[in-house]
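What follows is a set of notes on a single structure, which appears directly below.
What follows is calculated from the coordinates using simple rules that are stated; it is not laboratory data. Computed from a predicted model, the values in this text were never measured in an experiment. Every residue, glycine as well, gets a Cβ built from its backbone with ideal geometry; the counts of neighbours run over all protein chains shown.
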Amino acid sequence: MVPDDICELNLTDLSWLIAAREVSSVEAVSATLTRLEQLEGKLNAFITVLSEQALAQAKKADEEIARGNNRGPLHGIPVTIKDMFETAGVLTTGASKILKDWVPETDSALVERLRAAGAIIIGKTNLDEFGHGGTSTLSHFGPVHNPWDIERIAGGSSGGSAAAVAARIGTLSYGTETGSSVRRPASYCGVTGFKPTFGVISRHGSFRGAWSQDHVGLFARSVKDIALGLDPVAGFDARDPASVPQKTPAYASRLNANVKGRRVGVLRKFFEGVNGAVGQAFDAALEVFAGAGCEIIDLDVPELSYAAMTSMMTSSAESAGINRRWFRERHQDFVPHVARGIAVGMTITASEYLTVQRARHRIREALRGVYEKIDVIASPTTARVAPLLSEGLKGSGDDTRHASYNQSNLLRFPSMLGLPGCSVPIGISPEGMPMGMQLIGNWFADQAVLDAALAYQNATDWHTRRPAL
Amino acid sequence: MKDTDKIAHRLALLEGVSFSPEDLESIVKEIEDNERIVAELEEFSHGTPWISLQAQPQDEKV
């Protein structure tokens with residue numbers, strides 16, 4: 001198989017071929033590294049590339065598999081991770097100047113689990129500094145470009161991860177989400193992005209954005225691939241205070257596309273401002289669910305009108321607490337927009353933060369009631385396609401506090417409340433950019449979200465579309 | 001308290017870190033936005049129980 005064909009394989013197929021020894025891990029890693037090298041000048045999706053280390057690990061993986069010691073679906077698979085995860089002996093920057101030369105001695109929980117599963121980490125992806133942003137332009141290492149149109153943003157903060165998967169640089173990438181940092185770039189880059197219920201994947205050894213909202217999530221080309229990538233990294237870890245006890249995860253083997261009778265909730269009140277093409281694509285997606293036997297239920301949850309502001313205030317205050325020392329000692333080394341954001345957070349008082357948490361509690365209770373009537377909430381992931389880089393931060397969603405809260409409320413409530421969410425591609429806009437739909441489930445109903453996404457992807461082919469790079 | 005005093009109190013929380021006049025203007029604008037937001041959220045959350053999270057390890061619970 002020629003290298004370009006290997007890069008076109010999705011995780012499900014590549015995993016099978018490596019296990020059957022029809023493609024070697026060395027071939028897969030070499031092909032992926034070559035593609036990365038060809039495209040990185042256009043995308044700027046990576047901060048660190050681990051060519052030699054990855055090839056050595058791939059050789060070892062091939063030897064193990066040849067001996068009959070296959071560790072599972074990720075064994076020998078080239079993957080990428082956001083540069084938020086500590087990686088022993090490897091530069092770990094958080095896209096910051098402050099840590100531009102930092103090499104940790106230990107692995108984050110995610111890296112430990114990926115290594116145990118035999119995955120080959122080929123590079124660490126670019127992002128907004130320490131995850132503070134929604135564009136992936138706020139990086140000490142320069143902006144990430146969208147593979148569908150390099151004049152546009154990839155979205156953030158996990159933009160490098162989404163861009164890599166969209167550009168066929170690896171089948172799988174791991175990122176983090178505090179506000180919408182997995183779902184938004186997934187939508188902008190036309191890939192499938194999933195973040196599980198708060199506490200399902202350990203955050204030990206990753207940089208904190210806002211501790212009560214931070215999640216680890218992942219990007220792939222389909223929900224089947226997401227489930228394969230989720231199983232090895234989910235599960236309890238006592239080192240993360242938010243980690244939840246869970247039996248051996250088996251999301252992939254339990255995937256079930258039969259969603260007949262499932263109830264899909266729609267919050268149209270919050271769609272004001274959604275672009276026409278995005279709205280049409282979403283309505284078409286709802287028809288797919290209706291065709292699969294789902295009941296579509298219009299909902300009104302007025303409490304969600306306060307979700308964006310509550311989420312933003314929470315992250316702002318928590319981020320200030322996390323970065324306080326660096327802010328005091330090295331504020332000039334932060335990306336200026338990030339430094340200003342931390343400064344604003346520093347001025348939020350304890351009593352104000354607690355008032356915000358009280359509001360968050362009220363929104364959570366409202367959602368608890370909603371999930372007694374429905375199984376998933378569906379909405380456009382973002383109100384429009386990826387903005388042009390020349391627009392700066394405007395319209396990217398970062399202006400949540402100043403702009404219309406409508407769509408931002410839908411984008412932000414899942415991470416604020418810790419609900420599982422998946423963004424899937426649902427169409428291509430007239431300007432040739434991908435559009436996305438998010439499916440948000442009840443707490444710990446991760447499987448229901450994945451099943452709904454699978455049902456959609458089994459009936460459509462938008463997730464197979466690729467940018468013409 | 002005058003509005004300018006209120007903002008000065010807020011800026012004192014920056015622990016001596018100084019910004020350019022342009023940056024300061026943008027920070028002050030956001031502080032004013034936050035004050036409006038907190039007032040809105042205070043009204044919205046009125047009557048909602050305060051969250052009380054205990055810190056003991058889960059395995060200590062009976």
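Which FRET efficiency value, to the nearest 0.05, do you get for A:I297 and A:N275 by plugging their Cβ-Cβ distance into 1/(1 + (r/R0)^6) with R0 = 22 Å?
Step by step, r from the Cβ atoms, then E = 0.35.
Any lysines with Cα under 24 Å of the B:K29 Cα? List them, leaving off those in the same chain fewer than 8 positions away.
Counting by Cα, and skipping residues close in sequence, B:K29 has these lysines nearby: A:K394, B:K2, B:K6.
May I ask you to compute the full-extension gain from A:T460 to A:R268, defined as 0.36 nm times their residue separation minus their alpha-carbon distance, rounded to one decimal in nm?
66.8 nm
Please provide three numbers in whole Å: the alpha-carbon extents of region A:146-233 along the principal axes, with the largest listed first.
Principal extents (largest minus smallest coordinate, Cα): 34, 26, 18 Å.
Mind checking which aspartates and glutamates have their C-alpha under 14 Å from A:K100, skipping anything on the same chain fewer than 8 residues away?
Once the sequence-local aspartates and glutamates are set aside, what remains near A:K100 is A:D83, A:E86, A:D128, A:E129, A:D333.
Could you give the C-alpha radius of gyration of region A:3-254 expressed as a fraction of 2.2 N^0.38 Å, taking N as the number of residues it contains?
With N residues counted in region A:3-254, Rg over 2.2 N^0.38 Å equals 0.90.
So if each residue of separation counts as 0.36 nm, and I subtract the Cα-Cα distance between A:D5 and A:R368, what length gain in nm does that give?
126.1 nm
Return the distance in nm (one decimal) between the two label points of a simple spin-label model at A:K97 and B:I51, each offset 7 Å from Cα along Cα→Cβ.
That separation, rounded to one decimal, is 3.4 nm.
What is the spin-label model distance, in nm, from A:T106 to B:K2 if the labels are put 7 Å beyond Cα along the C-beta direction?
5.3
Straight-line reach from A:K42: which aspartates and glutamates have a Cα under 14 Å away, not including same-chain ones fewer than 8 places off?
Qualifying aspartates and glutamates at Cα under 14 Å: A:D149, A:E151.
If Rh is defined by the Kirkwood formula over all Cα pairs and Rg also comes from Cα, what ratio Rg/Rh do you get for region A:263-448?
Rg divided by Rh gives 1.01.
To the nearest 0.05, what FRET efficiency results for A:S351 and A:R324 with a Förster distance of 22 Å applied to their C-beta separation?
0.75
Based on Cα positions only, what radius of gyration and what Dmax would you give for region A:279-345, in angstroms?
20.5, 58
What distance in nm separates the simple spin-label points at B:R36 and A:L286, each placed 7 Å from Cα in the Cβ direction?
Label-label distance for B:R36 and A:L286, simple model: 3.1 nm.
Could you give the spread of the C-alpha atoms of region B:3-46 along their three principal axes, from largest to smallest, in whole angstroms?
Over region B:3-46, Cα extents along the principal axes are 37, 18, 16 Å.
Once the mean 1/r over all distinct Cα pairs of region A:73-202 is inverted, what Kirkwood radius in angstroms do you read off?
When all Cα pairs of region A:73-202 are included, the Kirkwood radius is 14.4 Å.
Report, please, the projected area of chain A averaged over directions, based on the convex hull of its C-alpha atoms, in nm².
So the Cα hull casts an average projection of 19.8 nm².
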